[in-house]
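Remarks on the structure that follows.
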Number of protein chains: 2
Amino acid sequence: MDLYQAVISELEKAPGVTILIHKSPDGDAIGSALALALVLEARGKETAIYCWDGVPYYYRFLPGWQRVRKVKEEGEVVFHPLVVGLDSSDLGRLPFLRDKPPGTVINIDHHPTNTRWGDLNLVEPQASATGEIVFGLLERWEVEITPHVATALYTAIFTDTGGFRFSNTTDTSLLCCYKLVDLGAVPYEIATNVYESYSSGRMRLLGLALGTLSMAAGGGVAWVVVTREMMETTGTGPEDTEEFVNFPKSIRGVEVALLFRETEEGVKVSFRSKGRVDVAAIAASLGGGGHKAAAGCDLDLSLDAAVERVIPLVEEALSCCLSSTCS
Amino acid sequence: MDLYQAVISELEKAPGVTILIHKSPDGDAIGSALALALVLEARGKETAIYCWDGVPYYYRFLPGWQRVRKVKEEGEVVFHPLVVGLDSSDLGRLPFLRDKPPGTVINIDHHPTNTRWGDLNLVEPQASATGEIVFGLLERWEVEITPHVATALYTAIFTDTGGFRFSNTTDTSLLCCYKLVDLGAVPYEIATNVYESYSSGRMRLLGLALGTLSMAAGGGVAWVVVTREMMETTGTGPEDTEEFVNFPKSIRGVEVALLFRETEEGVKVSFRSKGRVDVAAIAASLGGGGHKAAAGCDLDLSLDAAVERVIPLVEEALSCCLSSTCS
């Protein structure tokens, strides 16, 4: 049986479905989860969505966002016989789990680094977003796609392609979004909610972060830093830094951009590449993961030590690519 | 005969075509003109494109951008028997013309205020961009749309919808862009050229500007300030501040955003409204002008005095709108 049909068959027969999305949830994880939950509920099934973190405020316009429950312990999770993980490349992205969840597990994701941790693994690395895969699933299933579902899926694809600006944007991303607008998604409303609903603190934090702008490799590498103190001063949290790495990236000549964010445990590093450098490989060498063009890792280091550790690796990878001695 | 067919018939029979685009040309004007010129040239016709201003640096990746000639006098224009005006709502947008051009004139535009100044007026106000109309024309004409033509048209639609973020974004905008990607446009490359070609100084300047963020009217008004010293420190110029007013605008709850930029003569004020307040009226009362949602004025004052002069006017206009005692 075709993998999509196998997933549909499991969804059809389950009386209830537990949906799990990755920590630091983004628009793709949240939008995909809400779309699936709304469709399942319309078919009389119980659903429960769990995440390590809460929904960032700029995604709280999404219909049904309150369904996403923040959990820190596996004991708090209600496991239905069918569990669907969305946009989560490995179990480490679901830190409230002690191990693979009980029951039948479906893993739907577009990350090429996905570890195939489910019983059924609907992993499509060529998809621009997990929302694109979920949309394809719903089209094959021939279920009703309401304006609420369309809004959730449009948001998933729109945000995971950086508003159709990242290199993962394809004809399929645009075709899906065309169809989703026909089904009731409103591009302007979604864009305004996602990109024009910032707090004033977030703007001040962005100003402080841009004040730390540093460059290396003759302008090929650029990064900014966010300290815990900056977040305290501006009354902001980690979710406010989500787009910051795109600012150093938008400088002409930059090939790799980074954001170093101080956490309670150390430093979270976000990498963005304009295409030449595979930042997933660098992140993986530091215990992280992601895509060639967008990756991340957590380091148990001070901010200064993290910068000293990471930047030489990026410089080396870039110089290797520019001299075309690497594959 | 259908209007599109009438336009195609004129294009078919003309040995050469003069294309005119509006002053301060944007991606839609330039992209539409280049697409049309490339198609006409492939069919053995001579073309010439004219504009009052030159092509901004961030559109110089477009194939054939050098075809756009900057003219200040009608005498410099080579008029072919067929003239096509693109994205130009009235003759005032083509200041090098003394009057309606000679020969047959086709006016292709999507502005609802278009004055129908051509012999054939292909004006479609529901189109998100003039590029969308040109694409529809080329599809009906059944000419070959090369990757270069597709890139020009994608850029036209992508930029005129603010990257699919403005309220003019429709299902048709997305459907056209889906088709254009299939024809060879590369979304990421276009987005990178248009939105990721900043200088590092511009980023530092943005950081300094955001450090001045101020708010009034309970969060309904927000503004940032750029001093001449900031520009000197960062090695930047006025053109680097072009998008800055959108940062205070993107704060939740803000109805009017402003940028105060120190000039040699005083202060240039840029106003943006989310729709409720008519900022053109405020700017006009200060000797400036613009549209309801985007306006500006020059003040012969110090920065502090300019802020003290302007903000109370904006607060008053906003409070008037919110109490709905004004029309």
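The values are calculated or read from the model by the stated rules, or taken from the named source; none is laboratory data. Since this is a predicted model, take the numbers as computed values, not measurements. Note that we place each Cβ from the backbone using ideal geometry, even for glycine, and neighbour counts take in every protein chain shown. The protein model used for the area step is the full one, side chains on, heavy atoms only, and it has no ligands, DNA or RNA in it. Shrake-Rupley method; radii C 1.70, N 1.55, O 1.52, S 1.80 Å.
Go through the stretch B:272-304 residue by residue and tally those that are farther than 17 Å from B:VAL224 by Cα and in a strand (DSSP E or B).
Qualifying residue count for the region: 2.
For the stretch A:41-56, name all the residues that are in contact with a helix residue (DSSP H, G or I) (Cβ under 7 Å, 6 or more places away or on another chain) and either among the aliphatic types (A, V, I, L, M) or open to solvent by 10 Å² or more (accessible area, probe 1.4 Å) (or both).
In the first step, residues of the stretch A:41-56 are kept if they are in contact with a helix residue (DSSP H, G or I) (Cβ under 7 Å, 6 or more places away or on another chain); the result is A:47, A:49, A:55-56.
Within the stretch A:41-56, A:THR47, A:ILE49, A:VAL55 meet the criteria.
Any chance you could count how many residues in the stretch A:201-222 are basic (Lys, Arg) and open to solvent by less than 10 Å² (accessible area, probe 1.4 Å)? Break it down into steps so the answer makes sense when it comes.
Quick first cut of the stretch A:201-222, residues basic (Lys, Arg) only: A:202, A:204.
So of that shortlist, the ones also open to solvent by less than 10 Å² (accessible area, probe 1.4 Å) come out as A:202.
Final tally of qualifying residues: 1.
Looking at (1) out of contact with any His (no Cβ under 9 Å at 6 or more places or on another chain); (2) more than 9 Å from chain B (Cβ to nearest Cβ), which one does A:THR192 not meet, given that it meets all the others?
(2)
Given (1) surrounded by 17 or more Cβ atoms within 10 Å (Cβ to Cβ); (2) part of a helix (DSSP H, G or I); (3) modelled with pLDDT of 95 or more; (4) not assigned by TED's automatic domain parsing to the domain that holds B:PHE135, where does B:THR233 come up short, assuming only one miss?
(1)
Taking the residues in the stretch B:59-75 that are under 15 Å from B:ILE21 (Cα atoms) and part of a helix (DSSP H, G or I) as candidates, determine which candidate is most open to solvent (accessible area, probe 1.4 Å).
Filtering first and then ranking leaves B:GLN66.
For B:ALA127, all conditions in the list (1) within 19 Å of the chain's Cα centre (by Cα); (2) over 26 Å from B:SER273 (Cβ atoms) hold save one; what is the number of the exception?
(2)
Do any residues in the stretch B:305-318 that are in contact (Cβ under 8 Å) with a residue 24 or more places away in the chain have Cβ atoms under 8 Å from those of residues that are aromatic (Phe, Trp, Tyr), where the two are at least six apart or on different chains, and which pairs are they?
Taking only residues 6 or more apart or on different chains, the pairs are B:ALA306/B:PHE260; B:VAL307/B:TRP223; B:VAL307/B:PHE260; B:VAL310/B:PHE260; B:ILE311/B:TRP223; B:VAL314/B:PHE271.
Could you tell me how many of the residues in the stretch B:125-142 are assigned to a loop (DSSP other than H, G, I, E, B) and farther than 17 Å from B:GLY31 by Cα? Talk me through it step by step, then tell me what you get.
Initial filter on the stretch B:125-142 (assigned to a loop (DSSP other than H, G, I, E, B)): B:125-129, B:142.
Pick out the ones that are also farther than 17 Å from B:GLY31 by Cα and you get B:125-126, B:142.
Summing the residues that are assigned to a loop (DSSP other than H, G, I, E, B) and farther than 17 Å from B:GLY31 by Cα in the stretch B:125-142 gives 3.
Report, ordered by the first and then the second residue, all pairs with beta carbons closer than 7 Å, sequence separation of six or more or different chains, a first member in the stretch B:176-205 that is without any contact (Cβ under 8 Å) to a residue 24 or more places away in the chain, and a second member that is open to solvent by less than 40 Å² (accessible area, probe 1.4 Å) and of a type in the set (Phe, Trp, Tyr).
Here the result reads B:CYS177/B:TYR154; B:CYS177/B:PHE158; B:MET203/A:PHE247, each pair linking the stretch B:176-205 to a residue that is open to solvent by less than 40 Å² (accessible area, probe 1.4 Å) and of a type in the set (Phe, Trp, Tyr).
Considering only residues that are within 8 Å of chain B (Cβ to nearest Cβ) and charged (D, E, K, R), look in the stretch A:145-178 and name the one that is surrounded by the fewest Cβ atoms within 10 Å (Cβ to Cβ).
A:ASP171
Quick one: which of A:VAL307, A:VAL269, A:VAL225 is open to solvent by 10 Å² or more (accessible area, probe 1.4 Å), in a strand (DSSP E or B) and not assigned by TED's automatic domain parsing to the domain that holds A:GLN126?
Values: A:VAL307 fails: in a strand (DSSP E or B); A:VAL269 fails: open to solvent by 10 Å² or more (accessible area, probe 1.4 Å).
Of the residues listed, the single one that is open to solvent by 10 Å² or more (accessible area, probe 1.4 Å), in a strand (DSSP E or B) and not assigned by TED's automatic domain parsing to the domain that holds A:GLN126 is A:VAL225.
Any residue in the stretch B:26-40 that's outside the structural domain of B:ALA156 (by TED's automatic domain parsing): show its pairings with residues that are open to solvent by 10 Å² or more (accessible area, probe 1.4 Å) and of a type in the set (Lys, Arg) at Cβ separation under 7 Å, as long as the two are six or more apart or on different chains.
Close Cβ pairs (under 7 Å, with a partner that is open to solvent by 10 Å² or more (accessible area, probe 1.4 Å) and of a type in the set (Lys, Arg)) do not exist here.
Within the stretch B:81-93, count every residue that is assigned to a loop (DSSP other than H, G, I, E, B) and either surrounded by 22 or more Cβ atoms within 10 Å (Cβ to Cβ) or not assigned by TED's automatic domain parsing to the domain that holds B:LEU38 (or both). Give the derivation first.
Going residue by residue through the stretch B:81-93, those that are assigned to a loop (DSSP other than H, G, I, E, B) are B:81, B:87-90.
Adding the requirement that they be either surrounded by 22 or more Cβ atoms within 10 Å (Cβ to Cβ) or not assigned by TED's automatic domain parsing to the domain that holds B:LEU38 (or both) leaves B:87-88.
Looking only at that region, the number is 2.
Going through A:VAL134, A:VAL105, A:VAL123 one at a time, which residue ends up being modelled with pLDDT of 95 or more, open to solvent by less than 60 Å² (accessible area, probe 1.4 Å) and touching a helix residue (DSSP H, G or I) at 6+ places or on another chain (Cβ under 6 Å)? Even if it seems obvious, please write down each step before you answer.
Values: A:VAL105 fails: touching a helix residue (DSSP H, G or I) at 6+ places or on another chain (Cβ under 6 Å); A:VAL123 fails: touching a helix residue (DSSP H, G or I) at 6+ places or on another chain (Cβ under 6 Å).
Result: A:VAL134 is the single residue among A:VAL134, A:VAL105, A:VAL123 that is modelled with pLDDT of 95 or more, open to solvent by less than 60 Å² (accessible area, probe 1.4 Å) and touching a helix residue (DSSP H, G or I) at 6+ places or on another chain (Cβ under 6 Å).
Please state which one of A:VAL310, A:VAL279, A:VAL256 is touching a helix residue (DSSP H, G or I) at 6+ places or on another chain (Cβ under 7 Å) and on the phi < 0 side of the Ramachandran plot.
On the way: A:VAL310 fails: touching a helix residue (DSSP H, G or I) at 6+ places or on another chain (Cβ under 7 Å); A:VAL279 fails: touching a helix residue (DSSP H, G or I) at 6+ places or on another chain (Cβ under 7 Å).
Testing whether each residue is touching a helix residue (DSSP H, G or I) at 6+ places or on another chain (Cβ under 7 Å) and on the phi < 0 side of the Ramachandran plot leaves just A:VAL256.
Would you be able to say whether some residue in the stretch B:240-249 is among the aromatic types (Phe, Trp, Tyr), more than 9 Å from chain A (Cβ to nearest Cβ) and surrounded by fewer than 22 Cβ atoms within 10 Å (Cβ to Cβ)?
Scanning the stretch B:240-249, I find at least one residue that is among the aromatic types (Phe, Trp, Tyr), more than 9 Å from chain A (Cβ to nearest Cβ) and surrounded by fewer than 22 Cβ atoms within 10 Å (Cβ to Cβ), so the answer is yes.
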